[in-house]
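The values are calculated or read from the model by the stated rules, or taken from the named source; none is laboratory data. Since the model is a prediction, treat every value here as computed from it, not as a measurement. Glycine gets a Cβ as well: all are built from the backbone with ideal geometry, and neighbour counts include every protein chain shown.
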Amino acid sequence: MADFGGKHSRGEAVFVVTTTTFALASVFVAARLVSRFAILRSRTADDWFMVVAWFIAFGLSFSIDYGTSKGLGRHDVDIPTSWIPALRRSEYAFTILYNPALMATKTSILIFYLRMSRNTQKILRIASYITLAIVNVAGVVLTFLNAFQCSPVSAAYDPLQNNSNSTCMSIVTLYLCSAPVNIITDLAILVLPIPVLTGMRLPQRQKTVLVVTFALGIFVTIVDVVRIYYLQQASVDSEITQTRLGTGTDFAYNASIALMWSAVEVNVGIICACIPTLKPLIKRILPSMITDHSKTGSGTDKDKGASSSQLRDDEMPHRMESIEVPTGVQPQPQAQVGRDTEQQMSMMDFLTTPEMGQRRTQQQQMDAMDFLTTPDMDISMINRTQTSPMDRTNTVNTAVTDNSVYFGFVNMKRPRSMLRTKGMESFKYCAIVTILFFLWGFSYGLLNILNNQIGKIANQSTSQTLGLTTAYFGAYFFGAMTVGQVALRHWGFKATFISGLCIYGTGTLMFWPSAVLTSFPGFIISNFVVAFGLSVLETAANPFLALCGPSEHAEFRLLLAQGVQAISTILSQLLAEKVLFSSVASNPSLIDVQWTYLAVALFTVILALFFYYMPLPEASDTDLQHQSEDLGIYRSETVSFPFVKTALPLIYTTLALAIFTQWLYVGAQEAMAAWFAALLSTSRLPSGGLTLTEDNYVLIGHTTFAIGRLLFAPLCLIIAPRILLTITILGCLIFSTLTFALGLNANGIAGPALIFFFFEGPVFPLVYAMGIRGLGRRTKVGAVCITAATSGGGAFQFVMWAVQRVDDKSVKYSFCVIIALFAFSLLFPAFVNLVPGARHQVDPKKLSNLPTNRRHSSRVSGIFGFGDDGDDSRPETPIRRMSRRFSVMFSKISPGGHGNGKGARESQEVGIVEHKENSASASRPSGRGSWGTVGTGAGSEAPKSPRERP
């Protein structure tokens, strides 16, 4: 029997666990081969890859077991010198085999997914191909890095070459850096099939078993996280992150548990990959485990069972409009009642039996698990429509009705267009999307503190520290203008949310290797990817809140949500300062922070799944154009200026000024955030110090920032938002000037600076809501552009730094840049307050107060639409319908109608396209007026806001 070294050795535990898990994996692989090769006589690529994975896992487990007999798990003093060469070779063999074993296992699973989604589920196929490419590219690269970890290569396993001429990388550091790739691919493999499985119309029991079977992959992710924990412990227990393989103090003891969990990860992965293919064998050995006894009995019983498992026609579930329905998928007719159970095709047979489609007819019913294990059957055969109304099978996909959305486990009401939501419906959707604002604020606050700590630990220069923030805000331009605008314009709000969350989660995991290596380029990249994902989220989240509910309260909803974002920023800063970075001074390492980012990444995955299943309202360009016209805002309206020869389009002029102001404002905001602490530290007098620490002053500043947003939210229900915007920008201008001009000590300077934070808070949501109001079918484009303007946050910190370096000016003097930014920012509030047409565009208006006969245009008066909806309750008559049609005709042929393109409706449809309701369009003559006058014509006046004075 092997000598494991006594009670102080880990060798015996490592040997037992590794051997046991490999034995279990061998049993499951053998069972899979019997099911596939012997019973079904089917051989596909995923089976062969699983065989390859088993052989590699054998080598991996054997190397660990052999190592335990040569000192693995022992302290250095307990390892005889003669064992060291064999121990080194076993450790080296493990490092080479680990990544190929994972690569083969994951490749087998992904090929299985590709078979499952053949000819349908295009998104699943594309995602599977992308994940497959990442798995194999990363696996090959990491395998070569492990194989050539030393120069010369023999130095990795030959203790005699331990001299100055050989160089090696730390194998534990390499494993920690590659951990995000494993976690990302594990999560992708776990999540990819779930939407497809839950979208199938199957009996509850079958669907539950199906989802649980695939969800077993969560154990692989859990084991991976445990393995990383022990790798990190190994790096903390000794200096092995700075040494080559096996040469650190007590390497064999410290790293043994991490190696054991690596073997467990590989073996458990093989087990989980084999489970879905075992039904044919289980059916032969233990048929009672999978036989549904409730389906046996008399024909009457079968009739009852069959009829009870079907949905009535009026309860036929529907797919949300925001989710793409695969081409060719049609609702299936019901299965014949009274069929023998043995004649019905089960889902598991579908995935395991290649010739099942030739043996069964289309009238025979398919079971869930059989569908998922048949390699050669076309999934589209399940979606073929039968002609006989009495001969139907359940469809495997969701379908659409007017009232509900069915996701297999949940039956929810299908939402209306977001422009028509009101009351609790509007509140519910806005509250859900506000979760994204909390996530955004949490990341922003954490990254602010993190960037400062990175500068301290890595001894970065000022330009490098500012460069991290520039990378963060620079990503906002690229994220909004690329993925954000494509997803929002072509696929809708939900798709944009999910895309942003996926990118953001990837960025948080990319922080992991950066923290391990304390790499400045790595932090730049991870900051950029995180901000890229958040910019995609913001591209959809801000307009969603502005549009989801009554138009007159868009500013209120956005201020509240961004107030939540500001609060989450404060919470993340408290977490960072009091918990995450409390020990940085004594132990300069960022490795502990990776667990926070791992938690954020896992939360992001859960949130993405939640948004996939949560039905969210959408708004088409036609809907938005109708709303703009109902507000009396037309794209053809123009505005004239004395210094411009030609008239400018009113809505685009407003949008351009909003973009410009947003760019300047975010630049000023981030410049203040970057230099506020430096301002306090350089303004101290020799006689006294700060009453509070600089970090506490920054925290109070962000608190006043949040208070400003929350306080101005109810104020915008009383005072016109354009007036509030003027007050906030003037407040920022005044108090930034006082901060610049007053000759006070640090505590005195903090006073006007903190008030500056208060006025600074409401600017972003006010500019955003007013900037996209009235854009009609260009609303989503406007939202993209205003979000991209957030990139201004990365520019002016360097400008302030440059001002300080010119003639050795002080930090306080450089605040002249912030003063200039807010002075130019006054252009937008001046425009919307002084130009009548702009006032009409940006002022909130109740649609029920406008001169229009459109029944659906009337909105409720409450914040989220509580109360009477103001619909015309008069009875519908043929005369009224004819009157509306004549109104539409006259509006198109009258001056100022569609005929001349001035002040005319662009929308051709009557009513909102997605929710067809009869309505009439009111004509609106137009013409060019004097300076600041929109084209409304001499004989017609634009509808006024209730708040606007004549």
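For Val153, the conditions (1) β-branched (Val, Ile, Thr); (2) at pLDDT below 80; (3) surrounded by fewer than 20 Cβ atoms within 10 Å (Cβ to Cβ) are fulfilled apart from (2). One residue stands out among those in the range 497-511 that are under 17 Å from Ile525 (Cβ atoms) and aromatic (Phe, Trp, Tyr): the one that is modelled with the lowest pLDDT, which is Phe511.
Can you spot a residue in the range 637-649 that is touching a residue at least 12 places away in the same chain (Cβ under 8 Å), closer than 30 Å to Asn747 by Cα, in the same structural domain as Ala820 (by TED's automatic domain parsing) and in a loop (DSSP other than H, G, I, E, B)? Within the range 637-649, not a single residue is touching a residue at least 12 places away in the same chain (Cβ under 8 Å), closer than 30 Å to Asn747 by Cα, in the same structural domain as Ala820 (by TED's automatic domain parsing) and in a loop (DSSP other than H, G, I, E, B). Annotation note: Cβ proximity below 7 Å between a residue of the range 64-93 that is at positive phi and a residue that is in a loop (DSSP other than H, G, I, E, B) (sequence gap 6+ or interchain) occurs for Gly71/Ile79; Gly73/Phe4; Gly73/Gly5; Gly73/Ser9; Gly73/Arg10. Considering Val639, Val644, the condition of being surrounded by 22 or more Cβ atoms within 10 Å (Cβ to Cβ) and over 22 Å from Ser810 (Cβ atoms) is satisfied by Val639 alone. Name the residues in the range 792-814 that are closer than 21 Å to Val666 by Cα, surrounded by fewer than 17 Cβ atoms within 10 Å (Cβ to Cβ) and of a type in the set (A, V, I, L, M, F, W, C), would you? Result: Val799, Ala802. Within the set Ala619, Ala566, Ala561, the sole residue that is in a loop (DSSP other than H, G, I, E, B), modelled with pLDDT of 90 or more and crowded, with 22+ Cβ neighbours inside 10 Å turns out to be Ala619.
If you check Ala475 against the conditions, is it free of Cβ contacts under 8 Å to residues at least 60 places away in the same chain and of a type outside the set (Ser, Thr, Tyr)?
no
Across the range 619-651, what is the total count of residues that are under 20 Å from Ser417 (Cα atoms) and touching a strand residue (DSSP E or B) at 6+ places or on another chain (Cβ under 7 Å)? Going through the range 619-651 one residue at a time, the tally reaches 0.
Need a quick list: helices (runs of 4 or more DSSP H) entirely within the range 758-850 having at least 3 residues that are closer than 24 Å to Gly467 by Cβ. Talk me through it step by step, then tell me what you get.
Values: elements: 763-772, 779-788, 796-805, 816-825, 827-834, 836-842.
By residue number, 796-805, 816-825.
Summed over the range 101-128, residues that are modelled with pLDDT under 90 and either buried (at least 23 other Cβ atoms within 10 Å of the Cβ) or of a type outside the set (Gly, Ala, Ser) (or both) total 15.
For the range 93-112, check the following and say yes or no: at least one residue is under 19 Å from Gly217 (Cβ atoms), in contact with a helix residue (DSSP H, G or I) (Cβ under 9 Å, 6 or more places away or on another chain) and not in a helix (DSSP H, G or I). Looking for residues that are under 19 Å from Gly217 (Cβ atoms), in contact with a helix residue (DSSP H, G or I) (Cβ under 9 Å, 6 or more places away or on another chain) and not in a helix (DSSP H, G or I), one finds none in the range 93-112, hence no.
Give me the residue from the range 433-487 that is in contact with a Leu (Cβ under 9 Å, 6 or more places away or on another chain), in a helix (DSSP H, G or I) and among the polar types (S, T, N, Q) and, out of that set, nearest to Pro617 (Cα to Cα). It comes out as Thr434.
Of all residues in the range 253-282, exactly one satisfies the criterion of being outside any helix (DSSP H, G or I) and small (Gly, Ala, Ser), namely Ala255.
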